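Contents: one structure, followed by commentary.
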Amino acid sequence: MTTDPTNTSSGMPSVPELKEQSNKGLREFFQQKSIRNLVNVLVPSALAAILFPIFGPAVAGGAAAVAIQNGLKLLGISLSADTIGKVLKPLEGRQIDESDVQIVLQDLLPKDKQVNDEAAKALVTVAPEVKEAAIANPKIDGAWLAASLEANLKDQGWTMAKMAPQFHDFIRLDPAALEDARNRLLADWPLISQEVTASGGSQVSRIEQNTEGRGGHINQRVAASEQSTIQDTKQGTKLT
């Protein structure tokens, strides 16, 4: 059974309510007196504030991942059913608050490449709202926000770590320039990732990886663990 995220009778807020609740959550997070001491949770906390208006009612009502996907699309955010399922699993079947979503993200982002990739794109999508909410606090300036977000993005690893320096630069832009930079990055987002992994004493040989992309991040990874071996690996990348 699924719920319509635009139907308030199902427990999911309407579109204007979703946007206002996400922005309200961001403002409240950045207004905390201890905000300068929270650099190590800045990224999962900002994402939790944005996602909670969708995930909260869905978890409480037992909504399926597709309902959450539809709700997120109303905010311009795209997460796969797999990623949504990973976030939902520790939360399902109980009443939650925003900090519960933060804790789940805090655990998943450094450990799960897929969640990290998709959450990175979600953060870029809402970058203007994040900056607007942050600088509403007179104790926060653009330089601190950019440096702190960059540091915490690096801590997450994977895609977030790779995009951290670029995110630092465009979060300091004025609103119009930030929106333009955000749109360009999303248009050129293609994250092409090919990964070969050998584990459990296995042997993998004659691996060839070829990727082609335009203006995005290209990542190729070969990893061996648990007394495994990978031989004769060839990698090629073409940027167009």
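List of remarks:
- All other residues whose Cβ lies under 13 angstrom from that of residue 148 are scored, Lys and Arg at +1 and Asp and Glu at -1, for a net of +2.
- Reduced Cα scattering model of segment 8-189, Debye log10 I(q)/I(0), q = 0.16 Å⁻¹: -0.95
- Listed pairs 24/139; 24/113; 19/86; 111/162; 73/139 exceeding 26 Å between Cα atoms: 24/113; 73/139
Each reported figure results from applying straightforward, stated rules to the coordinates on display, with no laboratory input. The structure presented is a predicted model; accordingly, all values stated were derived computationally and were not measured. Virtual Cβ from ideal backbone geometry, glycine too; neighbours counted across all protein chains shown.
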